[in-house]
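See structure below.
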Amino acid sequence: MHTLWQDVRYGLRMLAKNPGFTLIAILTLALGIGANTAIFSLLNQVLLRRLPVRNPEELVVLKSPGPKHGHVWSDGDDSEIFSYPLYKGLAKNTKVFDGVIARYEFSASIASRGQTDRGSGELVTGNYFEVLGVQPAFGRVLSPADDDVQGAHPVVVLSHAYWTRHFGGDAGVLNQTILVNNTEMTIVGVAQAGFSGIQVGQMPDIFVPMTMKGQMTPIRNGLDDWNDSFLAVLARRKPGVSLEQAQAGINADYPGLLEQQTATLKMRAGGKDEKEFLGKKIVLSAGAQGRTTAQRDSGPALTALFAMVALVLLIACTNVANLLLAKAAARQREFAIRSALGATPGRMMRQLLVESFLCALGGGILGLILGSWIMNILTQAIVSEAGVRGITAQVDGSVLAFAGAATVASALLFGLIPAWRATRTGVSQMMKDQGSTTSAGPGHVRFRKFLVAGQVAFTLLLLTGGALFSRTLWNLRQQNLGLSTENLITFSIAPQLSGYDEARTVALVDQLRQRLTGVPGVLGVGSSQIPVLTGTDMGTNITVEGRQNLDTDDRHVNFDAVSPGYFSTMRVPLLYGREFNAGDTANSTKVAIINDAMAKEFFANRNPIGVHLAMGSGDAIKYNIEIVGVVKGAKESHVRDADRPYFYRPYSQFGKLFGMSFYVRSQQDPLLIASTLQETVRGTDANLPVYDLKTVQRVVDEDLFAERVIATLSAAFGGLAALLSALGIYGVLAYLVVQRTREIGIRVALGAAAGHVRGLVFKEVGWMVLAGALVGLPLAYGLGKLSESLLYGVHAGDVPVYAAALGIICIVALAACYIPSRRATRIDPIVALRYE
Amino acid sequence: MTDATATLIKMEGVKKVFYTDEVETHALSEIHLEIKKGQYISIAGPSGCGKSTLLSILGLLDSPTGGEYMLNGQPVANLSISERTRIRNREIGFIFQAFNLIGDLTVYENVELPLTYRGTSAAERKQKVQYALERVGMAHRLRHYPSQLSGGQQQRVAVARALVGDPLILMADEPTGNLDSKNGEAVMELLRDLHRNGATVCMVTHDQRYANFAERTIHLFDGRIVEETQEARVGA
């Protein structure tokens, strides 16, 4: 212990003696560890963290892949969504499950203490807290008794975060009444701290009994409808029941439930559709992390980023290892003396490793600070732009543990080999090296060159990744959206949350459109139920008049309810027929406009104008919607979307308007009229909140948020790697030039011109880059292949991307060898030969 | 055969002064020297007398502070770096005390080096390297690295490298300094053989025994030529 303390003190002295080395090493490591810590923190919160509930490993998520019928309100995977009657049937299974729960997230307008906020609510089944094992912080949580009769229990449980944020942790809130979506609800408790629902990225402020759905989403209740699917369902396996056993157990019940649902559908008996529908199974997946929508959506990107940032740390460690090798070479005399005095290689190695650990510790501490800073920026962007809630920049135990592990791993990575190499050379060899009459022998710096070649390989990998992702973003930005974002601003309202019924909602939207059109500088106003490019979809099965319904047809088509003037305002070209107009009212002929992809798929050889279609399928449908126009396809859900069939209906004929988004095109910068738009809405109804007021260009940016983050971070990591590689190449070349001073002197004495000497340095760097490229390019191709699902308009084998990456590394290498080569050409042979 | 009357090197009043912060050191003063083609000249004197400085100037590794230096009839004192490099490569062959072979290169590659810088074709290089190594008796060690050779063998390779490009003059700076007496004698014999075959040799040595191998010896002391011996003698 005493000798270890001696080593620590000596190590600190050595680091202080070489402040340049120490500063570069610590900063290099801090960059690597900091970037890793930030990405790990994100990865941990999104991909790794388990739900803070009792025995989370017993939880399973229920899925039912296969055809769906009716309305599906999904935030990603339709197979995870069930109707309430179906849930009730599944929940009866007590053989394999201790309990089955369901939840549905909804937008909540919460009024309390004279203030109305827009928040997030979660409708949960009465057994939700009991099955999860979530306790109240105080008061009580919901119980099955709160969920037995529809509309009978207006009670609410606050999330701990909302209670702290909104009520300042006031225990007096218990039994107080708040207004949620225009319904008076009594606060009965606060959920345990740290519990924020069962889905990463969502953070409900309030929990409401499922049987209050009619009050929370007044436009549609859906609790009695087998064909209205909106619930995510989880279950807790009984102890000792395996996943396979549970799956077999629940599938014993499922066919009977599907039979019941089929009875509500007018499917052709014995048809392929029916067979497929009845053949569906329940598939269980691990539910320890709850619903894995966010994991599924962001997993590949986060994993790719984490792999990239790990490479950055590896490059940083390689750099420090290279610096240490140079330092160890300069300390050969010291080691010779220590060895001559009886120090064992192990003892000397320990001394060097202690120095490495001290260095790594400095890098780790600084890295943690840097990581928190990076994480702060990332978190702000994720919350504000991606709308993902519950991601924090807090440094918790796992982040600390990761930073610690990264520090120790780094110290071993960069310290072990230099220490081993420095102490394995015998005293006589060290002395022999000092007295050599030839310049450096073969293999003397081979290891350092090998390290730099490795750095080049990894840098190429990162640069290629950066280039592929940047190209993806560029391609997405160049995408023809089918609409123009120029001077276009949008905002949304949710009249149903303020007590509007269907008829009043239509009248309100009509009135608002008229008023907004009158705002000075406004060129056009349109509105739609589904906000464009926000990942929201609404779909239905359709049947087209005069078209034979084939079992092989996919007749599920997405649609939207829009206003007159919508297409002209959005600048979506009308190809045939007409736009909706004021004459398209609830009482007039029902009409629809289809996009060109739908026209192509459903009307390949005929004119769709005037043809009728029906929403739904089966024998009892009515062809009561007339197609009056065809528009060019526009991106509706995501910028990435491929062209797909889509149709539009006038909102006046749609009925269940649960929200409306407005689009206002102005002559100038639309943000200049943003406050006027808000005032106009307020002037119509002072209690109607306006939300998501932003330019449509910002909506596009938000839709590309993940791509922007990946492109920015991967480019930053590539740049950082290139910088570190430049330092590595520079360090090795500078060392080589010093080490080969005499050799260069000899060459100059023998007639080597400046070009020959520069050539020597370039040859060195050329070999390192070539070796790095030979390893790095195939690796980069492999990484590209793995990441292909994240790419758009570019593929893993894109030659210009590789050429660009190689070009950058060549420029970096040339820049790095500029000073060493200049120094080399300035070597005076007289001075060099005096080394003898 | 050499033309004994042709002057290869002529120095008039050459001086070399080194300047440090406050000290001015006169390494060479008023050097008047003429070397004819085919001569074997040794520059002798005690340590620090300016022998190596004079050889560096003679070999265009350094420039004089004053005076005139004509090499093969051309003034060379004020040539550009690239011109001096070209002349060193084509007209001067160096032999150093510490051999100064390049450890990463084989014997063949070391000897080939001056020809590579000259842009000689590969075939011609091969022929000349082979011939030069045969002249010094090292043709059987082509693929060896310097570290695999004895000191005497390394110096023979260095001599081969010096003469491979058919220089006008061989400049040898204490060529026996790192060798034992047996190997030292062998290298001196080699230089004498080269001279007998027409080579002009200029050698710096502090050892009178080896100085006597030359047909003419100039003695330096404190940067000045203090004595010159014209007769050729037979070495010990």
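For A:V799, the conditions (1) surrounded by fewer than 17 Cβ atoms within 10 Å (Cβ to Cβ); (2) within 14 Å of chain B (Cβ to nearest Cβ) are fulfilled apart from (2). Restricting B:I92, B:I57, B:I9 to residues that are touching a strand residue (DSSP E or B) at 6+ places or on another chain (Cβ under 8 Å), surrounded by 15 or more Cβ atoms within 10 Å (Cβ to Cβ), touching a residue at least 12 places away in the same chain (Cβ under 8 Å) and closer than 29 Å to B:K126 by Cβ narrows the list to B:I92.
Would you please name the residue that is farthest from A:R740 (Cα to Cα), looking only at residues in region A:802-822 that are small (G, A, S) and surrounded by 14 or more Cβ atoms within 10 Å (Cβ to Cβ)? Among those residues, the one meeting the criterion is A:A804. Within region A:748-788, can you find the residues that are within 20 Å of A:A805 (Cα to Cα), of a type in the set (G, A, S) and assigned to a helix (DSSP H, G or I)? Correct list: A:G766, A:A771, A:G772, A:A773, A:G776, A:A780, A:G782, A:G784. If you check A:F469, A:F491 for being of a type in the set (F, W, Y) and not in a strand (DSSP E or B), only one passes: A:F469. Selection of region B:71-101 for residues being assigned to a loop (DSSP other than H, G, I, E, B) and within 13 Å of chain A (Cβ to nearest Cβ) yields B:S80, B:F96, B:Q97, B:A98, B:F99, B:N100, B:L101.
Taking every residue in region A:206-217 that is farther than 14 Å from A:Y84 by Cα and in contact (Cβ under 8 Å) with a residue 24 or more places away in the chain and pairing it with any residue that is part of a helix (DSSP H, G or I) and not hydrophobic (A, V, I, L, M, F, W, C), at least 6 positions away or on another chain, the pairs with Cβ-Cβ distances below 7 Å are A:I206/A:Y162. Looking for something closer than 29 Å to A:F277 by Cα, more than 31 Å from the chain's Cα centre (by Cα) and either surrounded by 16 or more Cβ atoms within 10 Å (Cβ to Cβ) or not polar (S, T, N, Q) (or both) - is there at least one such residue anywhere in region A:643-654? Looking through region A:643-654, at least one residue is closer than 29 Å to A:F277 by Cα, more than 31 Å from the chain's Cα centre (by Cα) and either surrounded by 16 or more Cβ atoms within 10 Å (Cβ to Cβ) or not polar (S, T, N, Q) (or both).
Rundown of residues vs (1) of a type outside the set (A, V, I, L, M); (2) surrounded by 22 or more Cβ atoms within 10 Å (Cβ to Cβ); (3) closer than 25 Å to B:H26 by Cα; (4) touching a residue at least 40 places away in the same chain (Cβ under 8 Å), yes/no style:
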residue: B:K182; (1), (2), (3), (4): yes, no, no, no
residue: B:T200; (1), (2), (3), (4): yes, yes, no, yes
residue: B:A214; (1), (2), (3), (4): no, yes, no, yes
residue: B:R224; (1), (2), (3), (4): yes, no, yes, yes
residue: B:T229; (1), (2), (3), (4): yes, no, yes, no
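Inside region A:74-108, residues that are within 25 Å of A:K272 (Cα to Cα), touching a Ser or Thr at 6+ places or on another chain (Cβ under 7 Å) and among the hydrophobic types (A, V, I, L, M, F, W, C) make up a count of 2.
Just one of the listed residues (B:E68, B:E30, B:E22, B:E34) is farther than 13 Å from A:L750 by Cα, touching an Asp or Glu at 6+ places or on another chain (Cβ under 8 Å) and surrounded by fewer than 21 Cβ atoms within 10 Å (Cβ to Cβ), and it is B:E68. Among the residues of region A:145-195, the ones that are at negative phi and not in a strand (DSSP E or B) come to 27 in all.
Considering region A:436-469, and only residues there that are surrounded by fewer than 17 Cβ atoms within 10 Å (Cβ to Cβ) and away from every other protein chain (no Cβ under 14 Å), the residue that is modelled with the highest pLDDT turns out to be A:F450. Report whether or not A:A419 is away from chain B (no Cβ under 14 Å), at pLDDT below 85 and buried (at least 21 other Cβ atoms within 10 Å of the Cβ). Answer is yes for this residue.
Note on region A:752-763: among residues that are in contact (Cβ under 8 Å) with a residue 60 or more places away in the chain and more than 11 Å from every other protein chain (Cβ to nearest Cβ), the one that is farthest from the chain's Cα centre (by Cα) is A:R758. Taking the criterion of being without any contact (Cβ under 8 Å) to a residue 40 or more places away in the chain and at the interface with another protein chain (Cβ under 10 Å from one of its Cβ atoms), the residues of region B:107-124 that qualify are B:T116, B:Y117.
Given the structure, is A:A91 of a type outside the set (S, T, Y), over 16 Å from A:F306 (Cα atoms) and at pLDDT 90 or above? Here the answer is yes, as A:A91 does meet what is asked. Applying the criterion of being in a helix (DSSP H, G or I) and more than 19 Å from B:Q97 (Cα to Cα) to the residues of region B:134-155, the residue that is nearest to the chain's Cα centre (by Cα) is B:R135. Do any helices (runs of 4 or more DSSP H) lying entirely in region A:672-744 carry at least 2 residues that are without any contact (Cβ under 8 Å) to a residue 12 or more places away in the chain, and which ones are they? Helices (runs of 4 or more DSSP H) meeting the threshold: A:674-684, A:705-739.
Take the conditions touching a strand residue (DSSP E or B) at 6+ places or on another chain (Cβ under 6 Å) and either of a type outside the set (A, V, I, L, M, F, W, C) or more than 30 Å from A:V639 (Cα to Cα) (or both) and apply them to A:A749. Does it pass? Answer is yes for this residue. Would you be able to say whether some residue in region B:130-137 is more than 20 Å from A:G751 (Cα to Cα), of a type in the set (V, I, T), touching a Leu at 6+ places or on another chain (Cβ under 9 Å) and more than 10 Å from chain A (Cβ to nearest Cβ)? Yes, region B:130-137 has at least one match. Looking across region A:643-666, the residues that are under 19 Å from A:L516 (Cα atoms) and touching a Pro at 6+ places or on another chain (Cβ under 9 Å) come down to A:P650, A:S652, A:G659, A:M660, A:S661, A:V664.
To keep it simple, each residue is scored yes or no on (1) of a type in the set (G, A, S); (2) closer than 26 Å to A:Q247 by Cα; (3) at pLDDT 90 or above.
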position	(1), (2), (3)
A:K95	no, yes, no
A:Q115	no, no, no
A:E122	no, no, yes
A:V157	no, no, yes
A:G168	yes, no, yes
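Are any of the residues in region A:738-751 over 43 Å from the mean Cα position of the chain (by Cα), more than 14 Å from chain B (Cβ to nearest Cβ) and under 12 Å from A:P820 (Cα atoms)? Among the residues of region A:738-751, at least one is over 43 Å from the mean Cα position of the chain (by Cα), more than 14 Å from chain B (Cβ to nearest Cβ) and under 12 Å from A:P820 (Cα atoms), which makes the answer yes. The listed residues are A:R682, A:R640, A:R665, and the only one of them that is modelled with pLDDT of 95 or more and not hydrophobic (A, V, I, L, M, F, W, C) turns out to be A:R665.
Of the residues making up region A:714-731, none is on the phi > 0 side of the Ramachandran plot and away from chain B (no Cβ under 14 Å).
Of a type outside the set (A, V, I, L, M, F, W, C), closer than 30 Å to A:A307 by Cβ and either buried (at least 17 other Cβ atoms within 10 Å of the Cβ) or touching a strand residue (DSSP E or B) at 6+ places or on another chain (Cβ under 8 Å) (or both), is that true of A:E80? When the stated conditions are applied, A:E80 passes them.
The values are calculated or read from the model by the stated rules, or taken from the named source; none is laboratory data. The model shown is predicted, which means the values in this text are computed figures rather than measured ones. When we count neighbours, we look across all protein chains shown, and the Cβ atoms used for this are built from the backbone with ideal geometry, even at glycine.
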